[in-house]
Structures are given as C-alpha cells and as structure tokens.
1. Tell me, in nm to one decimal, what length is gained between L179 and L389 on full extension, where the rule is 0.36 nm per residue of separation less the Cα-Cα distance?
2. Quick one: Cα convex hull volume of the stretch 548-671, Å³ per residue?
3. Can you tell me the relative contact order of the chain? Whole percent, Cα pairs under 8 Å, sequence separation 6 or more.
4. When only Cα pairs under 8 Å and 6 or more residues apart are kept, what is the percent relative contact order across the stretch 153-224?
5. What distance in nm lies between label points placed 7 Å from Cα along the C-beta direction at R757 and V192?
6. At D699 and W765, where each label point lies 7 Å from the Cα along Cα→Cβ, what is the point-to-point distance in nanometres?
7. For q = 0.13, 0.16 Å⁻¹, what log10 I(q)/I(0) does the stretch 310-437 give under the Debye formula with an equal point scatterer on each alpha carbon and no solvent?
8. May I ask what percent, to the nearest 5, of DSSP beta bridges between residues of the chain are antiparallel?
Amino acid sequence: MFPSVAVTEAASEPGRDVRTGLDPASLMQAVCDYLYYFQGRHPATASRNDFYLATAYAVRDRLFQRGIQSLDALLHRPDGRTVAYLSAEFLMGPQLAANLVNLGIQDAMREALWRMDIRLEDLIEHEVEPGLGNGGLGRLAACYLDSLATLEIPAIGYGIRYEFGIFNQQIRDGWQVELTDKWLHLGYPWEVARPERAVAVRYGGYTETYTDEDGRYRVRWIPAEIVKGVPHDTPILGYRVKTCNLLRLWRAEAVQTFDFEAFNIGDYARAVEDQVTSETISKVLYPNDASPQGKALRLKQQYFFVACAIEDMLRAHLRFGGTPATFHKRWAAQLNDTHPTVAVPELMRLLLDDHGLEWDEAWEVTQKTFGYTNHTLLPEALETWPIDLFGALLPRHLEIVFEINRRLCDGIRRVYPGDEDRVRRMSLIEEQGRRSLRMANLACVGSHAINGVAALHTELLKSQVLSDWVAMFPERFCNITNGVTPRRFVVVANPGQSKLISETIGDDWPIHLDALRRLETHADDPEFRARWRDVKHANKRQLAAVIKERTGISVDPDSLFDIQVKRIHEYKRQHLNVLHILTLYRRLKLNPDLDVVPRTFVFGGKAAPGYQVAKLIIKLVGATGDLVNDDPDVRGRLKVVFFPNFSVKNGQAIYPAADLSEQISTAGQEASGTGNMKFALNGALTIGTLDGANIEIRDEVGAENFFLFGLTADEVRSAKAGGYAPRAIYEQNDELRAVVDLIASGALAGGDTTLFRSLVDGLLWHDPFMVLADYQSYVACQERVAALWRDPEAWSRMSILNVARMGKFSSDRSIRDYCERVWHVGPLGAPTEGAP
Ligand code: 9GP
C-alpha cells in the first residue's frame with residue numbers, strides 16, 4: 001500500500017515534531033512531508049530515489065538540529081580549540097545507514113517506512129556513495145571525522161567537493177575499464193551549499209612592494225586570476241551523542257559566472273569560458289593512490305581548498321573576537337599527508353601581508369597551528385613541485401617559501417657547521433635536475449608535530465626518510481597508529497555479529513572498543529562458537545548472492561573465504577596470492593583426488609588508470625579465475641572472483657564475510673593499512689607479513705592467533721643490499737618454477753605467451769617487492785591456515801579471540817592520541833596539557 005495524502009494528514013497529529021521527533025510516526029510524517037512539499041511528489045507515484053531523498057532529508061533535519069546545538073555550545077565556550085582536518089580526500093561512504101545508527105533510529109525509521117510499504121534496506125542499497133578519495137588515506141579521514149564527533153571534539157573536515165570522484169570500475173574481458181563517477185546525478189541530500197560564505201582564491205600574477213602608513217616595508221600580491229570557493233556542508237554526527245561536526249567541502253566557481261560583455265558582442269562561448277575554467281579546479285579527483293602527478297591542476301586544487309579553509313578559519317576566529325596573533329589558540333590544523341602543505345606559506349602570507357604581523361610572530365603562530373601526518377615511505381609518493389610551476393601559480397608563496405628556507409638553512413648551519421650535505425638534504429628546494437619544492441620538508445619545518453601511522457612506519461620514517469629532521473627536531477616526532485570506526489565497520493556492516501556481541505557482553509563496545517575483551521571467556525564456550533559460526537555463515541551466504549549477481553560466479557558459502565581487497569599495487573602483492581592459487585591448482589591437476597580445503601578467493605580493488613602493471617595484475621586474477629573455476633579436475637573446490645568496483649559500500653558487504661584476510665605486502669612498504677583492522681574486527685583471521693599495523697595487530701591478538709610469514713623489513717633491506725637474485729629462487733624451487741612457467745606458457749591467456757611476459761620477467765629479473773623471496777614461506781603458511789580450517793572449533797575460537805583483542809584499533813583511540821600528543825584539545829575544545 002502506498003501512503004496517500006490521507007496518510008500524510010493522519011500522521012500530522014498535533015504535538016508531533018516533524019523536524020526532530022524520533023518515533024516512527026514523526027519520521028513517517030517527515031518523510032511524507034518532504035516527498036509532498038519539498039519534492040512535489042505524490043507518495044503513490046514516488047520513485048525509490050524520491051523515497052531515498054525524502055528519508056535522507058528527514059534524517060538530515062535531525063543532524064542539523066544537533067549541529068546547531070553543537071555550534072551554540074562552542075559559541076558559549078569561545079576559548080577552546082577546534083580541530084581542522086585538512087585533507088584532499090574524504091572517502092565518506094554511504095551516509096543513510098550510518099546516520100540512522102548514530103542517531104539510534106534505525107528500527108524507528110524501518111518501521112516508519114514499512115508503514116508506507118517501503119523497505120529501508122532497499123533505500124540503503126539504492127544510495128550512491130561520494131567516492132571522494134582513492135583508498136586508505138581518504139577513508140582514514142572519514143573514520144577520524146566519525147570519532148571526533150563521537151568523542152565530542154569540535155572539528156571541521158576541510159576538503160574539495162569533486163564533481164567526479166574516484167572512477168567506477170568495470171571489468172570487461174578481465175581488464176579494468178574506468179567509467180566516470182556521477183555521484184551527484186540523482187541529487188546528494190546530505191549537504192547544504194553556503195554560497196553566502198564563499199571565499200575568493202587567487203592565482204598567478206606578481207608581487208610588488210610598498211611602504212605602509214607606518215613606514216613599514218610590505219608586500220602585495222596582484223593575482224592574475226580569481227576563483228570563488230563555495231562551501232558545501234555535510235553534518236557529521238557522533239554515535240549516540242549530541243555533538244554534530246561539519247565536513248566542509250569547497251566547490252570552485254567563476255567569480256562572474258556570466259560575462260555579459262562578451263555575450264553582448266555575440267561571443268557566447270567566451271562568455272562562459274571563465275566559468276568552465278574555474279570549475280575545472282574541483283571537477284575531478286586524481287585517481288592515483290600514493291603516486292602524485294606533478295600536474296598544475298593538482299597544485300591548483302591543493303591551493304584552492306587550503307586557501308578556502310584558512311580564510312574560513314581566520315574569519316571565524318576574528319568574528320569570535322580573536323586576533324591574528326592568537327589564531328593557534330583557536331585552531332589545531334592537521335595536514336593529512338603533504339597535499340595540504342601549501343597551508344604553511346598561505347597562513348604566513350595572511351598573517352604577514354594582510355594582518356601586518358612580524359615574521360617571527362607569524363612563524364610561531366603557524367608552527368603551533370599545524371601538525372603533519374606522513375602516510376607513506378614510497379619514494380614516488382613524496383610530493384615535489386617544480387619551482388617554476390609553483391612560482392607561476394603562487395608567486396607570493398614562493399617568496400615566503402624561500403625565506404622559510406633561508407632561515408631553515410641558517411639554522412642547520414648553526415647546529416651542524418660545515419655539513420653542507422645535510423643542508424642540501426633538508427633544504428626545501430631540490431636543486432638537482434629541475435629545481436623543485438619538497439613538500440614533505442615544508443610540512444616538517446612548518447609543523448610542531450610530525451607523525452607516522454603505525455609503529456614500524458614511524459620507526460622507518462625516523463631512521464630513513466626523515467632522519468635528518470629527527471636529529472634536529474626530535475621532540476616533534478611521535479607515532480599514532482591508525483584506527484577505524486567500529487560504528488560503520490561493525491555495527492552498520494555486520495548487524496549479526498554486533499547483535500551477538502551486544503547480547504553477550506553488553507552494548508557499550510562501539511564506543512569503548514576495549515570492552516570486546518569480555519568476549520575472551522566466551523571463546524571457550526562451544527555454544528557461543530556455534531552462534532559465532534552461524535553469523536559468519538549468514539554473512540557469507542549474503543556475499544555469495546552478491547558475487548553471483550555481479551560476476552555470474554557461484555561460490556560455496558561453506559568454503560573458506562580468502563579475501564584480498566585494497567588498491568592494486570605491486571607492493572601489496574596481489575600476484576603473490578595468485579601464485580598460491582596456481583600452486584593449489586597445479587597440485588589438483590597432478591592429483592585430482594588430493595584432499596584440499598575448498599576455498600573461494602576474492603579480490604577487489606582499483607588500479608590507478610595509468611599504472612599498467614597493476615592493470616595487468618587485475619587481468620591475471622581474472623585469467624586465473626577463468627582457468628580454475630570451471631576446470632573439471634578442480635570440482636569447484638577452488639573459485640577465484642574479482643569483485644568489481646571495490647568501494648566503501650562494497651567493503652561493508654565483504655569484510656563481514658571473510659574468513660581469511662590477506663595482508664601480504666612486502667615488509668617495510670605498507671605504512672599501516674586499515675583494511676587489516678576492518679577484517680579482523682569482523683572475525684577474519686589474518687595471514688600477513690610483519691608490515692605496517694599488522695605487527696601491532698599480531699601483538700594484540702597474540703602470535704598464536706595470527707598467520708605470519710615472510711621476510712622482515714630488515715631482512716628485505718639486507719637481501720637487497722646483498723644482491724637479491726630472484727631467478728635463483730625460481731630455479732631452486734620446483735613448485736614455484738612450475739607456476740611461473742604456467743603463467744609464462746600462455747595457458748592463462750588462450751595460448752598468448754606475450755600477455756603476462758612483462759610481469760613474469762619483472763619477477764624473475766628484478767622483483768623489487770620480493771614476491772619470489774616470500775613465496776615458499778607464504779605457501780607453507782597457507783598450509784597452516786588450511787590445517788586450522790579443518791578444525792572449525794579451533795578456527796572459531798581464534799576468530800573470537802581476534803575480535804576480542806582488537807580494541808586498540810578503534811579510530812577513537814587514534815583520535816585520543818592526536819588530541820593528547822598533537823592537538824592538545826579535549827571535548828568541546830577544552831585545552832589540555834601542553835596547549836599553546
Ligand atoms: O598506504 C597508506 C596506508 O598504508 C595507510 O593505511 C593509509 C592511511 O594512513 O595511507 C596510505 N597512504 C596513502 O594513501 C598515500 O600516502
């Protein structure tokens with residue numbers, strides 16, 4: 001039955017608050033009202049999208065109500081600090097289910113919609129997510145916003161409202177095909193545009209000096225181009241609290257959207273040209289994970305959102321009675337990787353040129369404001385900008401950077417007289433080749449705190465990439481291990497497991513994740529273990545249905561679900577996983593009656609569009625599936641699936657169904673990883689190397705509950721230093737040689753021996769990520785996995801213990817660490833020890 005106008009009216013009982021009520025009747029009325037009065041839709045003819053939008057608007061009302069209360073509370077405590085999380089990426093994921101959970105109204109909304117014959121689950125499924133990030137870094141930013149709100153820390157996330165986010169991935173004939181992401185095309189109900197708070201952003205031009213009325217020498221920037229940044233606000237509600245923060249994303253627009261002068265003389269195209277050029281800035285997310293391209297547009301994007309953010313922050317600070325010299329007392333700004341680092345010279349510029357502070361004072365404010373998080377050791381990910389490009393776009397900033405550098409180099413020479421090599425290494429300017437600006441160095445000099453994202457990563461940063469900085473500024477360094485939000489990745493994603501946990505240990509674990517420890521005693525209870533297995537099995541059945549629908553492949557929910565989902569990259573070694581699959585396949589071909597554990601191998605992840613090797617690895621996975629899946633000798637015991645278009649939403653369906661989590665990067669390469677945490681929290685056991693946060697996960701869950709293999713980071717280094725020869729390993733290992741030869745033979749490519757040749761040659765002659773070196777250890781470890789799988793009681797016990805000991809990896813813990821070690825801020829912005 002569709003709701004009629006009579007239903008709408010019947011719901012309109014006096015006293016019912018359509019904007020704030022949380023009961024089913026109020027929610028139903030709110031949804032009907034939105035359909036009817038806002039969208040102009042009769043409920044009887046409304047589409048699923050209409051209902052989705054109306055439901056989202058009804059939820060958003062309740063978020064804004066809390067948002068306004070949060071702002072009000074802040075206004076009454078104007079002396080506290082607010083966190084500004086500056087990030088070029090926010091991978092927020094779908095909003096509806098997460099907001100309902102945070103408000104605590106999922107059942108009430110389900111009931112409200114049910115009364116209108118609408119299934120909440122259908123609307124949740126219908127939602128398109130804003131894919132405004134590439135992977136781990138952007139998703140981490142989103143988890144941190146969730147935790148900031150949950151911990152009631154006032155915070156704003158500042159970023160770019162890309163019109164097109166990360167591409168949609170289709171797999172055609174086994175190859176990745178990139179399709180434009182159109183997340184906005186059916187309307188995005190969670191945000192509100194605030195054109196009245198637009199900011200002017202300048203580019204290009206030149207600078208000139210002048211003397212002000214006090215006779216002081218000053219600099220003025222005369223830009224060549226001005227673009228408008230329009231903020232779009234999305235409310236970010238914490239879990240079961242009143243605090244609602246903000247994600248403020250900026251869209252680029254022309255200052256004058258229509259040039260009437262040009263139009264009047266008949267040049268219509270030129271009349272809109274300015275608009276087109278300006279809007280290009282926020283048009284599209286660069287789809288590269290960990291390897292930035294030195295493109296002018298990317299620098300324009302970075303400066304665009306940073307300039308908007310700093311202006312917005314300064315404006316708020318001055319409006320609430322602050323002075324430029326106390327900016328850092330109001331704001332703690334975090335640089336999420338080097339992408340927002342131009343914020344350092346931008347704040348300096350505003351303080352010096354617009355507000356007349358002296359250099360030393362402006363520098364102190366700037367350093368006290370910023371903290372810098374490094375997310376990678378990969379050399380290709382350390383951003384640099386050619387000086388000529390940077391200077392052409394930001395001439396005043398370049399002058400400021402040169403002055404920062406002059407003072408920095410003087411300082412180094414004072415501490416290390418005569419050590420010109422050190423000066424060269426720490427300089428903000430790379431003088432070799434095309435002169436360029438080193439953004440990581442700029443971030444280090446401009447921040448009071450610098451952190452890596454897992455213990456090993458921070459150690460490697462300190463001992464290798466940033467060792468000179470540690471020597472000179474040791475007090476700036478700390479580690480803050482990443483975390484993930486258990487609300488989205490357990491409560492929302494895995495309702496079955498959540499219910500079982502809450503029934504067993506109480507329901508405070510989503511905000512006190514350490515409480516999961518209480519599960520430990522239940523690991524020995526056979527009845528609890530059976531229920532635990534039932535939950536997992538139900539999740540696997542669900543995923544099997546989705547896999548069938550998306551790929552046409554039937555998989556057996558009773559088989560071991562062995563899953564690797566993450567960006568496709570050589571260092572993450574999806575091809576090592578493939579070598580193992582082919583090893584099992586070969587064994588079965590040699591002996592079809594071999595007793596192997598039935599496994600479903602699921603892969604998912606996007607390759608950067610220009611990264612040919614990664615795209616070839618996707619093809620290899622598909623080709624392996626083609627070879628294995630229907631081979632009569634395999635008898636369905638091995639299935640290989642490439643799950644297309646891995647996203648936050650798809651992740652929420654995949655993590656809860658995993659038995660085994662593949663975290664198999666070359667030791668020393670993965671800064672932290674966060675997928676490893678999401679899997680383990682959903683009861684998957686990990687097979688992994690001593691890399692990134694795997695090490696800490698293993699420390700927490702216990703070495704006996706973790707499948708470890710492979711070289712350590714030190715061993716990798718010394719193997720390389722000792723002249724690593726992958727070909728020798730290949731020659732000495734019969735099984736390895738057979739599977740590598742199988743790939744080279746063309747058997748996976750319809751007889752074409754050239755298709756995977758480059759991949760094979762890369763492994764045999766270079767193998768920079770030590771795939772062959774770790775092969776034997778990996779295969780042996782997989783045998784231990786298989787042995788344990790044959791003992792379901794032991795497996796379940798281990799799975800429960802893994803979940804029970806994952807408390808450390810809540811993003812709430814990470815945020816508490818940032819508050820204590822970097823931001824010196826507490827709930828409602830109250831300063832904590834060490835506050836500036
Ligand atoms: O590669 C790292 C990943 O290991 C980490 O978990 C994530 C969040 O800290 O950041 C990734 N880095 C990047 O995406 C680019 O530096």
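Just so you know, all these numbers are worked out from the coordinates, no wet-lab data involved. The shown structure was predicted, so the numbers you read here are calculated from the model rather than taken from an experiment. For neighbour counting, all protein chains shown are included, and Cβ atoms are generated from backbone atoms with ideal geometry for every residue, glycine included.
1. Numbers: separation 210, 0.36 × 210 = 75.60 nm, distance 3.03 nm.
Contour length minus the Cα-Cα distance gives 72.6 nm.
2. On the way: hull volume 14.1 nm³, N = 124.
Roughly 114 Å³ of hull volume per residue.
3. On the way: 1584 pairs, mean separation 109.5, N = 836.
Relative CO of the chain lands at 13 percent.
4. Working: 62 pairs, mean separation 13.4, N = 72.
Result for the stretch 153-224 is 19 percent.
5. Label at R757, label at V192, 6.2 nm between them.
6. So the two model labels end up 4.2 nm from each other.
7. Treating every Cα as an identical point scatterer, log10 I(q)/I(0) equals -0.62, -0.91.
8. Values: 37 of 83 bridges.
So the antiparallel bridges in the chain amount to around 45 percent.
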